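To start, the structure itself, in structure tokens.
What follows is calculated from the coordinates using simple rules that are stated; it is not laboratory data. Every value quoted in this text rests on a predicted model; they were computed, and no experiment measured them. Cβ: placed from backbone, ideal geometry, glycine included. Neighbour counts: every protein chain shown.
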């Protein structure tokens, strides 16, 4: 039973605390939030004790690992503290929205080489990982196209957008990580463009809510991503991998799989699962499993800080491409 | 260019006259209807001349073949006349609703062995014939189950029902013929039951509008048919063949194949084609083609009078089974 | 935390013991099997202690409820013992294969009215229960047809078949219970027929491995079931409810939902989940949940002994119908 | 009966000659090819007489309209001749691969304003035109994304590629025209990239066989095209229109619609129709219908020379973008 402290008690902290509490091989020792009342709300539900500072959490000998799900700007500080205390870390993505601060994270982890895993949860979705395995095993021959559709039900509050790092670093970064992971290579060139078609307030910030990205891989394979912050039929999440021997696609998910026939339409299914908490519920559990397995087996977790740096470099190149109207080579 | 006379100018006469007129290898010589004004409506549209009697039509040397699409009770008389005149015949199903009169048709055709084809049009539907070929070629191994769903959009006028011969002889007979044709054998035993759930006037006639039929084949294979005279989503026509090596299903058909996603439903298609005229449009053309091909090639057409007798015998056994509440062996 | 003793440590006992152990509101107190070594295999994995007699298990004050998953012939004895001891019971279906002994169970439960639930697990499958709710809420108007397809991957050992009570009582009984539960009524008449197409040894016992059943409901609605003990593409489980306002179907389930396109086929999915342990995994968990919820809320569980008697009566009527070749009225 | 002369007797000339011959409102008067033996092959099959020069064809008073399906480089010459002779023209796309020569075509048509239609056949495909009508009628609200997938079974002979004008002008131009037609606007900016992944000989010419294109519309809507010259599962042709109120997709087409279930895969369909002749068979017939309807109704055909110029300008901008690695504004 690994004793775990969850840093942060927001939406993601709640997911992590709940999954730790339900896991037969883990125990929720504490939830850390400077706003201790917020931490207590989770410990009341899931066990463990609320603490107000990282120092207090890390000083507890029962804490054998830390999950960081605090605001992005605090990641570096908490990674530094936990790594210095020798605690294995599972950190929500992104490491940071700034490439220099991201590099600082990598340096910290080089200095204090604790097991570290970055929360690219979608890799742990059963459907997506099945597609990745199929592609990597050569089932479709030489990969030619990799297409990712990711359309959210509704835009987040404008306050969230303001500190999100821009649409590519906030949202496309998930698709980028999946594409690099599935393709087994990272783009030599990206082009991205976008519009503000959903919420004019987002446009007023200079950001976009509708985006398309093209990436060219060293092998010649091309990748496409389309993102939108509005989707009336739910959280549309599709991957399509096309190669010299065929194509594999992931299916969308719904609360139920009933097929309905009426005078108005036939062969119809329900709208998609609402958003990432519902769609990727299984992936968050599998992500925790991978973290615990890696600790048990004494091997590095499969989603690393370097992967986080790569995805951020590409997302920043997308943003630069959008602003400059030309293809950009990411800085790896 | 085969010269053809179409007997009858109702709904089916219109289909046949139109298909003959459009066919590069056929010519509409005449349309026969004792009500000559009705015949003229078709000849005005499709060419040829209206005639009021079978004698007049058959005396015309340009008439090389006859298509009979008159009311069922007149089939025997017209088959007799056309066969005596040595004209090849394509006759709408059924031969007759009475087994004795059906046998009389067979005798007539034995006496005057003209090429004869019965209008089991569904066999000529491209999807259904593809399924039949796949099953007959052994693609699913030993046939185990054969399921036919046939649900009409709305009940016919009660006047039609009154002379229809009952639901099994009117509607199920199509499914019965397909099942025998696909299975390559005819049932040793049938059980059928039904309800009146759509139109109480149908029930008042002692007939039904909702039926299920089970057939047991000599091989042990079992067949199921469900029929209903009401269906809000169109003309539901599905076949499923299940065997020791797998399953093959036919797909339904729609006016367009667009896939629609809204806030209410996803992956939705349009309602099905409305009824048999729309759904089996291609099959009526292919049926005419088979008739003309058989004449050209000097071989018997593939859907024979005997097939019609077999299907009727089974349909009548279904009716008897429903009335007696027990399995019945058809009289072949 | 309800303390639970699981009677039986075979395939179903393993499922129940595992689900009890994993449930946050339940605790596995003991596993009972006269062959105590077999019980110990489960307690070693899931906790609790192995016991060799029902008396010992029931005498334990920590045991607050009993799950009976022993061979069918022992159900009556263990129900009697547990009911006399005042313990709530979740019993695997069927109560018994004999209608008189089933009635004896009902009498026992009348005498000792402990909370009792029968393990009709499929009712608790999320897809099937969603379809039932939709039908019962009137979504498709008046129910007209209810079709159940249930085809197993491979026949069981002949030793199992020998004591199974025949194919209808062993397998069709699940479809029968679902049909009555979804339709909200029980048939006035059933007809069933079958063949031996899979395993000649089954036929040598006078049993069948391929069956079709028709049921007529008081409302006039008709139900169809097809069962087969061989299916190369997995455990085919489909329900189709057709009514005056439309149709609802459940979808089959696979280990992954990837869609594959190759030079040989397109839009293809993986074979279905192998058999009931895989397909109905969620339903077994939900069934336990319903049992615990009913105990907590002080209400009777939703699947009762009477439902079990009804389903058995219908299954026996199917067997009688098959043997007599006529429609049979079940004895309720 | 419009008398028609078909210029050219290659693959497309054969399609046009056959469709004219089969059309009840048209008559094939002549087929023109300087290689008169090639023309004769078609007139032997479809009627009319072979002629060796455009002058001879145009001098024939029975020729009321001309269909030009000769090599692209000859289009300008034949348009000029036919327009000067006052004959309505249906011309295969593209007008020309060179923008200046395309403008020369437009000038010719301004000087001799005969009815002129450009052969953007895909607009006349029943599925695609149904999608266009649905989008234009506002069914999905404000258009946000328009995605076009077009993947050919195999690369053409290298001799064809050499004079094709590059992959964008040869293939993407179809997707470009559809996108502008469906969106009702033309891009302000395009970005395109590509690889040579199929045939190294294509790469040796400086051309590509694998391409992705992004277009930004004045409304902010974004369009994506992916093209590949190799596809093992047939001619993949999909359109997806996503908007503020939902999404509409077109379905692919197969020779049969059977659904197959085996031990290896379930719910599988056949590979797609092989290539454009098979997939767009109906569209070529509908295209001819539109041309004849426009002549009969005295209105301009719906696909104009200007549309051809627009699509070419965009395709050339794609090529320029690929070479320069930046977004390009097309020259309209």
Fill in: Peptide C:205-218, shielding by other chains (average Cβ, 10 Å cutoff)
3
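So what is the calculated 222 nm ellipticity per residue for chain B, using -39500 (n - 2.57) for each DSSP H run with n of 4 or more, over all residues, to the nearest 500 deg cm²/dmol? Could you put the intermediate results ahead of the total?
Values: 12 runs with 125 residues, N = 332.
That comes out to -11000 deg cm²/dmol.
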Discussion item. Would region B:2-114 count as rounded, prolate or oblate if I go by the C-alpha gyration tensor, calling it rounded below 1.5 in a/c and otherwise prolate when a/b exceeds b/c, oblate otherwise?
Written reply: prolate
Fill in: Most fluctuating residue given options C:72, C:296, C:310, as computed from a GNM of chain C linking Cα atoms under 10 Å
C:296
Worksheet item: Say a label goes 7 Å from Cα toward Cβ at residue A:323 in every copy; what distances in nm does this one have to the rest, shortest first?
Response: 3.0, 8.5, 8.8
Worksheet, complete the sentence: With Cα springs under 10 Å, the Gaussian network model of chain A assigns the largest mean-square fluctuation among A:64, A:201, A:152 to A:201
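Calculate, for residue C:162 and residue C:44, the FRET efficiency according to 1/(1 + (r/R0)^6) with r their C-beta to C-beta distance and R0 35 Å; round to the nearest 0.05. Numbers along the way, then the final one.
On the way: r = 32 Å, r/R0 = 0.90.
So the FRET efficiency works out to roughly 0.65.
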Worksheet item: What residue in chain A has the Cβ closest to the axis turning A into D, and how close is it in whole Å?
Response: A:326, 2
Worksheet item: Can you pull the mean other chain C-beta count within 10 Å for peptide D:247-257?
Response: 6
Item to complete: May I ask you to report, in nm to one decimal and beginning with the shortest, the distances from residue B:25 to the same position in the other copies, taking label points 7 Å along Cα-to-Cβ?
Response: 2.9, 7.1, 7.2
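Which order do the peptides D:319-326, A:230-237, A:76-83 take when ranked by the mean count of other beta-carbon atoms within 10 Å per residue, highest first? Each step should come with its number before you reach the end.
Numbers: D:319-326: 17.9, A:230-237: 22.6, A:76-83: 20.5.
Result, highest mean Cβ count within 10 Å first: A:230-237, A:76-83, D:319-326.
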Item to complete: Please give, to one decimal in nm, the separation of the simple spin-label points placed at residue A:35 and residue C:255, each 7 Å out from Cα toward the Cβ.
Response: 4.6 nm
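Whole number please: convex hull volume per residue of the Cα set in region C:134-201, in Å³? Could the numbers behind the result be given before it?
Numbers: hull volume 7.9 nm³, N = 68.
It is 116 Å³ per residue.
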Discussion item. Assume the label is 7 Å from Cα along Cα to beta carbon: what separations in nm does residue C:101 have to the matching positions in the other copies?
Written reply: 5.8, 7.2, 9.0
Discussion item. For a quick size check, give me the Cα extents of region B:242-283 along its three principal axes, largest first, whole Å.
Written reply: 42, 29, 12
Worksheet item: What whole number of Å gives the distance from the Cα centroid of region D:194-245 to the Cα centroid of region A:160-176?
Response: 26 Å
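Dividing the convex hull volume of the alpha carbon atoms of chain A by its residue count, what do you get in Å³ per residue? List each step's numbers first, then the result.
Numbers: hull volume 49.9 nm³, N = 332.
Dividing the Cα hull volume of chain A by its residue count gives 150 Å³.
Using the Cα gyration tensor of the protein assembly as shown, with a ≥ b ≥ c the square roots of its eigenvalues, what is the shape: rounded (a/c below 1.5), prolate (a/b larger than b/c) or oblate (neither)? Walk me through the intermediate numbers first.
On the way: a/c = 2.62, a/b = 1.11, b/c = 2.35.
Oblate.
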Worksheet item: region A:1-55 to region C:1-48: how many Å between their Cα centroids?
Response: 31 Å
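How high is the relative contact order of region C:238-305, in percent, with contacts defined as C-alpha pairs under 8 Å that are six or more residues apart? It would help to have the intermediate numbers written out before the result.
On the way: 48 pairs, mean separation 11.5, N = 68.
With pairs under 8 Å counted, the relative contact order is 17 percent.
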Practice prompt. Report, to the nearest 10°, how far helix C:281-297 tilts away from the longest principal axis of the Cα atoms in chain C, using its own Cα long axis and a range of 0 to 90°.
Written response: 50 degrees
Item to complete: Take every residue in peptide D:151-158, count the Cβ atoms of other chains within 10 Å of its Cβ, and give the average of those counts.
Response: 1
Worksheet, complete the sentence: By the C-alpha gyration tensor axes a ≥ b ≥ c (rounded if a/c is under 1.5, else prolate when a/b exceeds b/c, else oblate), the shape of region C:84-176 is oblate
Worksheet item: What is the Cα coordinate range of region C:179-225 on the first, second and third principal axes, sorted by size from largest, in whole angstrom?
Response: 39, 16, 13
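At a threshold of 8 angstrom on Cα-Cα distance, excluding pairs fewer than six apart, so keeping six or more, what relative contact order does chain D reach in percent? Don't skip to the end; give the middle numbers.
Details: 697 pairs, mean separation 61.0, N = 332.
After rounding, I find 18 percent.
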Worksheet item: What translational D, rounded to a whole number of µm²/s, comes out for region C:182-270 from Stokes-Einstein when the hydrodynamic radius is the Kirkwood one over Cα pairs, at 10 °C and 1.306 mPa s?
Response: 97 µm²/s
Fill in: Relative contact order (%) - criterion: Cα under 8 Å, at least six apart; region: region D:2-114
24 percent
Fill in: Principal-axis tilt of helix B:126-136 within chain B, Cα atoms, nearest 10 degrees
60 degrees
Item to complete: Measure nothing but the geometry: give the 0 to 90° angle between the long axis through the Cα atoms of C:11-22 and the longest principal axis through the Cα atoms of chain C, rounded to 10°.
Response: 70 degrees
